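The values are calculated or read from the model by the stated rules, or taken from the named source; none is laboratory data. Computed from a predicted structure; not experimentally measured. Ideal geometry is used to build each Cβ from the backbone, glycine not excepted, and the neighbour counts take in all protein chains shown.
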Amino acid sequence: MLKEIETRQSIRRYVSREIPEAVLKTLLRAAMNAPSARNEQCWRFWVIRSRDRLDQISELSPYMKMMKSAPCCILVLADASAVLASEYMYYDCSAAIENLLIEAVHQGLGTCWCAIGPSLERIQNFKEAFSIPAPLVPISAVAVGYADEEKPLVDRYDETKIRFLD
Ligand SMILES: Cc1cc2nc3c(=O)[nH]c(=O)nc-3n(C[C@H](O)[C@H](O)[C@H](O)COP(=O)(O)O)c2cc1C
């Protein structure tokens with residue numbers, strides 16, 4: 001297995017250290033290299049680094065408190081006008097996010113993927129807080145930064161979840 005896949009974990013405490021812009025662009029390049037239905041690439045990325053806005057996100061959901069210490073949040077949005085079937089937006093953005101998480105490990109960074117959609121209430125909260133115009137739909141907020149915590153690695157391989165249909 002790739003070391004980055006094996007060692008990726010959700011990080012919820014970060015040190016106060018900025019991420020070089022070139023590194024952020026590498027993460028976004030990895031994200032945009034993901035597969036997408038009909039190659040529609042409906043993902044859009046808003047990079048949020050202002051302390052006020054990061055603190056604001058930490059208040060928008062009880063599950064996003066880690067944004068308080070994160071130096072960066074990548075807001076992943078889907079452009080609903082770029083897809084033929086809206087159901088695929090979540091697949092496409094999730095593939096992009098996972099690429100971003102794995103590349104972040106490669107760059108020595110920690111991340112935490114936080115869902116916004118499909119909760120209509122959370123979508124609305126983010127739309128209002130960030131003046132997100134239609135047809136953009138906020139899908140997830142990803143905290144990114146240098147980790148300030150260490151967690152034991154867990155091997156989740158479970159044979160009972162596999163069936164070989166030969
Ligand atoms: C779609 C999705 C939504 C998630 N939302 C949150 C969230 O709102 N807040 C949070 O702290 N973690 C969130 N997580 C992270 C999961 O809690 C985490 O991946 C899971 O507990 C496994 O831990 P690991 O990432 O360290 O392997 C989310 C993960 C996914 C894939």
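Filtered by the rule that a residue be over 25 Å from Arg53 (Cα atoms) and of a type in the set (Asp, Glu), region 71-111 gives Glu87, Asp92.
Among the residues of region 156-166, write down those that are away from the ligand (no atom under 11 Å from the Cβ) and either under 30 Å from Leu84 (Cβ atoms) or modelled with pLDDT of 95 or more (or both).
Step one: list which residues in region 156-166 are away from the ligand (no atom under 11 Å from the Cβ), which gives 157-166.
Matches in region 156-166: Tyr157, Asp158, Glu159, Thr160, Lys161, Ile162, Arg163, Phe164, Leu165.
Scanning region 54-112 for residues that are touching a helix residue (DSSP H, G or I) at 6+ places or on another chain (Cβ under 7 Å) and among the polar types (S, T, N, Q) returns Gln56, Ser58, Ser61, Ser86, Asn99, Gln107, Thr111.
No other residue among Val23, Val47 is surrounded by 14 or more Cβ atoms within 10 Å (Cβ to Cβ), touching a residue at least 12 places away in the same chain (Cβ under 8 Å), away from the ligand (no atom under 11 Å from the Cβ) and more than 12 Å from the chain's Cα centre (by Cα) apart from Val23.
Quick one: would you say Ala30 is within 28 Å of Pro135 (Cβ to Cβ) and assigned to a loop (DSSP other than H, G, I, E, B)? Taking the combined requirement at face value, the residue does not satisfy it.
Restricting attention to region 118-147, the residues that are closer than 16 Å to Cys73 by Cβ, within 15 Å of the ligand (Cβ to nearest atom) and not in a helix (DSSP H, G or I) add up to 9.
When the test is whether a residue is surrounded by 19 or more Cβ atoms within 10 Å (Cβ to Cβ) and more than 15 Å from the ligand (Cβ to nearest atom), Cys42 passes it. Restricting the first member to region 71-99 and to residues that are more than 27 Å from Gln56 (Cα to Cα), and the second to residues that are within 14 Å of the ligand (Cβ to nearest atom) and of a type outside the set (Asp, Glu), the beta-carbon pairs closer than 7 Å and six or more apart or on different chains are Val83/Met89. One residue stands out among those in region 70-112 that are within 11 Å of the ligand (Cβ to nearest atom) and either among the hydroxyl-bearing types (Ser, Thr, Tyr) or surrounded by fewer than 16 Cβ atoms within 10 Å (Cβ to Cβ) (or both): the one that is farthest from Ser10 (Cα to Cα), which is Tyr90.
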